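Below: the structure, in structure tokens.
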Amino acid sequence: MTPFELAEPASLKEAIALIDPDDPEVRPIAGGTALMLMMKAGVFRPRRLVSLRKLGHEYTRIAATTDGALTIGAMTPLSALEHSSEVARHAPVIVRTMRRLANVRVRNVATVGGALAHADPHMDLPPVLIALGATISVAGPGGERTMPVEDLLTGYYETSLAGNELITQVRIPSGGSMRTVYFKVTAGSADDWPALGVAVALATEGPVVKSVRVVVSAATTKTMRLKSAERALVGGRADAKTFDNVAEAAVAEADILSDLRGSASYKRELLRIYAGRAVRAALQGAPH
């Protein structure tokens, strides 16, 4: 790695002021699990890194709100999600997902905000948060704004963040009667990078699906909701024909790409199979 300056601001305001949106060699660093690999490979040669490690407890806190929502500071390590009783109570699908994400060493260092801002479509957390209807708070020189997680991810390693904006918090609304599952399909070990990720959250009224979110990742250029698959399911009954319709709609809408974990045609068939399986599992309330 080439030499670089490391700044360690003690406040959010100071951190934002140290980031130059017009200088690609100045970037914030949270856990650094992805960024350090890029630096070691010579893909990224920073002039200055702005560490967010000393911003304070406010950004590593997990708390339930009076309206049943859950707030998570952006600097919260992924391992804290895995072991949090509040997360287990409000969004148990996150706890299950964390147990198959990389390894404990990575989870101890990687942060929630970093996993989102990195915008790697192979990440496990973003599709789950989108299925849960999560939003993020973003701070910049002009103040704060809020957006759905699904609006953050705009392309392959691309987000809608300005160069001098930082994610400060994730908010997961009360799930009510929603049931959520996440299927991770790997070409290697269970904790490997996925070839396909599918998250489904749905609520029913009797035998009819009342509302649903279907999210795909890893096989696509970005983590994205499959709204045509959602339309194929809402108002319908849970039967074999409905599952087939969901699968075909998902495959038709998803922007599938080839990579080291499989060809586009292979991933398309994975999605055809696992979209229906994920919906079926959510309907049955089966943990995944």
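The values are calculated or read from the model by the stated rules, or taken from the named source; none is laboratory data. Because the structure is predicted, anything quoted here is derived from the model rather than measured. Reconstructed Cβ throughout: ideal geometry from the backbone, glycine too, with neighbour counts over all protein chains shown.
Output yes when any residue across region 259-276 is in contact with a Leu (Cβ under 8 Å, 6 or more places away or on another chain), aliphatic (A, V, I, L, M) and more than 16 Å from Ala199 (Cβ to Cβ), and no when none is. Please lay out each step first, then the result.
Within region 259-276, the first condition is being in contact with a Leu (Cβ under 8 Å, 6 or more places away or on another chain), and the residues that meet it are 262, 264, 267, 270-271, 274-275.
The next check asks that each one be aliphatic (A, V, I, L, M); those that pass are 264, 270-271, 275.
Checking which are more than 16 Å from Ala199 (Cβ to Cβ) leaves us with 264.
Yes: one or more hits.
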Legend entry - Hits in region 25-51 (condition: loosely packed, with under 13 Cβ neighbours inside 10 Å and either under 24 Å from the mean Cα position of the chain (by Cα) or assigned by TED's automatic domain parsing to the domain that holds Leu116 (or both)): Leu37, Val43
Inset, instruction - Just name the residue that is surrounded by the fewest Cβ atoms within 10 Å (Cβ to Cβ) out of those in region 256-272 that are within 17 Å of Val246 (Cβ to Cβ) and aliphatic (A, V, I, L, M). - result: Ile256
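So that you can scan it fast, the table gives a plain yes or no per residue for (1) over 24 Å from Thr154 (Cα atoms); (2) in contact (Cβ under 8 Å) with a residue 40 or more places away in the chain; (3) in the same structural domain as Ala134 (by TED's automatic domain parsing):
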| site | (1), (2), (3) |
| --- | --- |
| Arg225 | no, yes, no |
| Arg237 | yes, no, no |
| Asp244 | yes, no, no |
| Ala249 | no, no, no |
| Asp255 | no, no, no |
| Arg261 | no, yes, no |
| Glu269 | yes, no, no |
Inset, instruction - Kindly provide the set of residues from region 94-127 that are touching a residue at least 24 places away in the same chain (Cβ under 8 Å), part of a loop (DSSP other than H, G, I, E, B) and charged (D, E, K, R), ordered by number. - result: Arg100, Asp120, Asp124
Inset, instruction - For Glu230, state whether it is assigned to a helix (DSSP H, G or I), free of Cβ contacts under 8 Å to residues at least 24 places away in the same chain and either under 23 Å from Gly155 (Cα atoms) or out of contact with any strand residue (DSSP E or B) (no Cβ under 9 Å at 6 or more places or on another chain) (or both). - result: yes
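Between Ala247, Ala252, which is part of a helix (DSSP H, G or I), touching a helix residue (DSSP H, G or I) at 6+ places or on another chain (Cβ under 7 Å) and loosely packed, with under 14 Cβ neighbours inside 10 Å?
Numbers: Ala247 fails: loosely packed, with under 14 Cβ neighbours inside 10 Å.
Among Ala247, Ala252, only Ala252 is part of a helix (DSSP H, G or I), touching a helix residue (DSSP H, G or I) at 6+ places or on another chain (Cβ under 7 Å) and loosely packed, with under 14 Cβ neighbours inside 10 Å.
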Legend entry - Which numbered condition Val212 fails, given (1) part of a helix (DSSP H, G or I); (2) within 30 Å of Glu158 (Cβ to Cβ): (1)
Inset, instruction - Can you tell me which residue among Thr159, Thr154, Thr135, Thr168 is without any contact (Cβ under 8 Å) to a residue 40 or more places away in the chain, among the β-branched types (Val, Ile, Thr) and surrounded by fewer than 22 Cβ atoms within 10 Å (Cβ to Cβ)? - result: Thr135
Legend entry - Looking only at region 84-93, and only at residues there that are in contact (Cβ under 8 Å) with a residue 40 or more places away in the chain and part of a helix (DSSP H, G or I), the one that is surrounded by the most Cβ atoms within 10 Å (Cβ to Cβ): Val93
Inset, instruction - Specify which of the listed residues (Gly56, Gly31) is out of contact with any Phe, Trp or Tyr (no Cβ under 8 Å at 6 or more places or on another chain) and on the phi > 0 side of the Ramachandran plot. - result: Gly56
